[in-house]
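Throughout, read-outs are computed from the coordinates displayed, never taken from laboratory work. Since we're looking at a predicted model, the values are computed, not measured. A quick note on method: Cβ atoms are made from the backbone with ideal geometry, for glycine too, and the neighbour counts reach across all protein chains shown.
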Amino acid sequence: MEKRTLTRRDFLRLSAVGTTGALIAACAPGAVDDKPEEKPEEKPAEAVVPAPEPVEVHWGGWSTGAKQKYFDNLAAKFNEAHPGIQALHEPAPWNEYWDRLLVQAASGEGGTDVMWMSGATFENYRQKGFFQDLTPYIEADGLTMDPYYDTEPIYKAEGKNYAWPFYHTTSCAWYNVEIFEEAGIDPPPTDWSDVWTWDELLETAQALTRKRDDGTMQYGYQVFDQFERCLLSFLWTNGADIMNEDYTKCTLDAPEAIEAIQFVVDLVQKYKVAPNPADPSVFIEGAPSPFEAGLIAVQSGKTYDIGVYQEIEAFTVAGCCRARSPKQGSKPYVSWVTNPSTIASASEVKDEAWEFVKFLASKEGMEELAGQKVGMPAMREVAKSELYVAPPPENIEVFVSAMDEAVAWDLRMIRLWLEFMQVTQAEMQLALVGEISAEEACRRATVADDEVLSRN
């Protein structure tokens, strides 16, 4: 074969083809590196852990109707600051609430964890073992009763604390400012060093009792068969009481007691300056109370009313002092009661329940209570603050100062106090509506109450 010599033209042609192939190869995918592309290591997705459900603390009480929203607000305030705990306000009407707790106590099962407790039932429930001993919690947090009104008899028994402060109630009186102004009569006293007497109360009530142009009756005063709101003040200022010092004998049959009850009954039956509790034209089921309707000049009342009375716009509500007996040397008296917080011994969330109880008794909780004016705070400093006593209503400080300036006594809380009062008030009611005399009511109540006290 003839050997062919590579010419210069051939060399240039072959060089051009080789260069073009190299360029094409450089542009081809994966042509630069034959090794497979390494992918970045994929991290496993982190598992999403759901937030734990808040621990529910069930809070029971009897503040229903118009007052319920204030207690709902208290629970909401606590929940905002404690996302791991959910306080649930579960109120019921007075009688239904206690029935519910009795069922819970009998079953020994949880239900209501934190209970708004009345002094009327405290000792009865305590003796049934219904309450958790709070002493270890109190000592662990270094708390004392020093900032609060002295209500330890309703908190402590046998050296142990079974309740902690929350709500305080003082009983004085309320009046309708416009009724006094329209009649040109000086308003009731608001200074405990210079209160009016029963005679002055009667005179004022007579001047303010009249039939209005629309045919409705306006009354100068309103009384009740309730001892806390009304009757105890009349008894005490007249030198009487409902029971003796060792709580073993009812003393309503004493002459001083009969005299005091007679005066109250006479306001209704004799002088007719107070509405008869059986009058359907005044007490209408489902309607506002006579005082709320503007038909009453002065009403025996208590701080528990503030939650409703602060919202009255038709007239101005103001607090005033209670009257004293016309006897020489008599003093004005007011009654008070505390409604503390307790924890059920059957509760399964005691630690969380204590956090809520502690909040209610704290300055923050007390200020929330005071700002809403739903009731009188048990902490003295907050009760006396402008946050609480500022209107409306007017003259709230009368109720607060009564704890220091008037003679203030507790309600003689005994184990069977609720039963004692129920049988007593039934007789007082019969006297107020005119079915029996004041003396007969007192004597009948004494017999019935002595039987209750014998079982106390």
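Could you grab the relative contact order for the chain? Cα pairs under 8 Å, six or more apart, rounded to a whole percent.
Here the relative contact order equals 23 percent.
Kindly rank 186-196, 340-350 from highest to lowest mean number of other beta carbons found within 10 Å of each residue.
340-350, 186-196
When N counts the residues of the chain, how does its alpha-carbon radius of gyration compare numerically with 2.2 N^0.38 Å, as a ratio?
That ratio works out to 1.65.
Taking H placed 1.01 Å from N in the peptide plane, check which residues at least 5 places from N339 or on another chain put their amide H under 5 Å from its amide H.
Amide H neighbours of N339, under 5 Å, 5+ apart: F166, Y167, H168, T169.
In Å, the Kirkwood hydrodynamic radius of the stretch 271-388 over pairs of distinct alpha carbons?
After inverting the pairwise mean of 1/r, the radius is 17.8 Å.
Nearest 500 deg cm²/dmol is fine: what mean residue ellipticity at 222 nm does the chain get from its DSSP H runs of n ≥ 4 alone, each adding -39,500 (n - 2.57), divided by its residue count?
Value at 222 nm, helices only, nearest 500: -11500 deg cm²/dmol.
Using the structure shown, select from K128/K249; K211/K272; K358/K384; K67/K302 the pairs with a Cα to Cα distance greater than 18 angstrom.
The pairs that break the limit, which is 18 Å between Cα atoms, are K128/K249; K358/K384.
Using amide H atoms built 1.01 Å from N in the peptide plane, name the residues 5+ places from A297, or on other chains, whose amide H lies under 5 Å from its own.
Y219, G220, Y221
Can you compute 3J(HN,Hα) from phi for each residue in the stretch 370-377, using the Karplus curve 6.51 cos²θ - 1.76 cosθ + 1.60 with θ = phi - 60°, rounded to whole Hz and x for Gly and Pro?
Once θ is set to phi - 60°, the couplings for the stretch 370-377 become 5, x, 7, 6, 6, x, 7, x Hz.
For the stretch 68-83, take each phi angle, set θ = phi - 60°, evaluate the Karplus expression 6.51 cos²θ - 1.76 cosθ + 1.60, and give the result in whole Hz per residue in order, putting x for glycine and proline.
Whole-Hz 3J(HN,Hα) from phi for the stretch 68-83: 4, 4, 5, 6, 4, 5, 4, 4, 5, 4, 5, 4, 4, 8, 9, x.
Amide H of V57: which non-local residues (sequence gap of 5 or more, or other chain) have their own amide H closer than 5 Å, using H built in the peptide plane?
Result for V57 returns Q86, A87, L88.
For the stretch 280-287, what does the Karplus curve 6.51 cos²θ - 1.76 cosθ + 1.60, with θ = phi - 60°, yield as ³J(HN,Hα) per residue in whole Hz, taken in order and with x for Gly and Pro?
x, 7, 9, 9, 10, 4, x, 9
Please state, as a whole number in µm²/s, the translational diffusion coefficient that the Stokes-Einstein equation yields for the stretch 160-294 at 20 °C and 1.002 mPa s, with Rh defined as the Kirkwood radius across alpha carbon pairs.
125
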